[in-house]
Amino acid sequence: MRIYITGASCSGVTTLGQNLVPLLGVRQVDVDDYYWMPTDPRFTTKRPPSERVSLMQHELGDDNWVLTGSCINWGDALIAHADLIVFVVTPTPIRLERLAAREKERFGERIAPGGDMHGIHVAFREWASQYDNPEFDGRNRAWHEAWLAGQTAPILRVDGDRSAEAMTAKVIHALSQVAR
């Protein structure tokens, strides 16, 4: 079984994937690990799309997998092999709380005012806060919904404000239906 999990930033996509991996005995590839070049500070330099896809294809191989993140419009060669697409929907206030906690844990004082990553953090938070705005030219909910409407693989929507265990159980149940 190959599962593609996507949604807004900090909606719970990666966490859901991490919870599925031990239950399914598959590998997880997270888009952010390939989208961005390894730099310091992190998340500042994008890899070319063809390089991302090649690296991810190599990592995923021909086995079953969980792919987490957003690679819509440049990772179609990967998504085309998904047996199930999971769309995690989480209210923006919850996502922004998670974002603040995650960034503080990852980068500590570097994101605080005066820190070398403060500007990056503020810009990222502003970008992530625009997800529900259909006029926003970055990744947004309307863009995701339009993309989902054109998919042929089954789509499962999960509430990202539910516990990781509840989301995982919903995906496992859906997999049992897809496998029939």
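When segment 53-68 is filtered for residues that are touching a Leu at 6+ places or on another chain (Cβ under 9 Å) and surrounded by fewer than 18 Cβ atoms within 10 Å (Cβ to Cβ), the ones remaining, listed by number, are Gln57, Asn64. Just one residue in the set Trp36, Trp65, Trp127, Trp74 is aromatic (Phe, Trp, Tyr), over 21 Å from Glu165 (Cβ atoms) and out of contact with any Lys or Arg (no Cβ under 8 Å at 6 or more places or on another chain); that residue is Trp127. If you go through segment 161-175 and pick out every residue that is without any contact (Cβ under 8 Å) to a residue 24 or more places away in the chain and either touching a strand residue (DSSP E or B) at 6+ places or on another chain (Cβ under 6 Å) or buried (at least 17 other Cβ atoms within 10 Å of the Cβ) (or both), you end up with 1.
Scanning segment 16-26 for residues that are loosely packed, with under 15 Cβ neighbours inside 10 Å and outside any helix (DSSP H, G or I) yields a single hit, Gly25. Being acidic (Asp, Glu) and more than 17 Å from the chain's Cα centre (by Cα) is the filter here, so list the residues in segment 30-58 that pass it. Within segment 30-58, Asp40, Glu51 meet the criteria. Within the set Tyr34, Tyr4, the sole residue that is of a type in the set (Phe, Trp, Tyr), at pLDDT 95 or above and assigned to a helix (DSSP H, G or I) turns out to be Tyr34.
Look at segment 131-160: where a residue is free of Cβ contacts under 8 Å to residues at least 40 places away in the same chain and within 20 Å of Ala77 (Cβ to Cβ), no partner that is not in a helix (DSSP H, G or I) and not charged (D, E, K, R) sits 6+ places away or on another chain with Cβ atoms under 7 Å. Search segment 94-115 for residues that are in contact (Cβ under 8 Å) with a residue 24 or more places away in the chain and of a type in the set (S, T, N, Q) and pair each with any residue that is outside any helix (DSSP H, G or I) and exposed (fewer than 12 other Cβ atoms within 10 Å of the Cβ) when their beta-carbon atoms are under 9 Å apart and the residues are at least 6 apart or on different chains. If the second residue must be outside any helix (DSSP H, G or I) and exposed (fewer than 12 other Cβ atoms within 10 Å of the Cβ), no pairs are left.
Evaluating Tyr4 against the criteria (1) aromatic (Phe, Trp, Tyr); (2) crowded, with 20+ Cβ neighbours inside 10 Å; (3) touching a Pro at 6+ places or on another chain (Cβ under 9 Å) leaves one unmet condition, (3). Out of the helices (runs of 4 or more DSSP H) lying entirely within segment 80-154, which hold 1 or more residues that are in contact with a Phe, Trp or Tyr (Cβ under 9 Å, 6 or more places away or on another chain), at positive phi and surrounded by 15 or more Cβ atoms within 10 Å (Cβ to Cβ)? The helices (runs of 4 or more DSSP H) meeting that bar number zero.
The values are calculated or read from the model by the stated rules, or taken from the named source; none is laboratory data. What you see is a predicted model; the values in this text were computed from it and never measured. Positions of Cβ are generated from backbone atoms using ideal geometry, with glycine treated the same way; all protein chains shown enter the neighbour counts.
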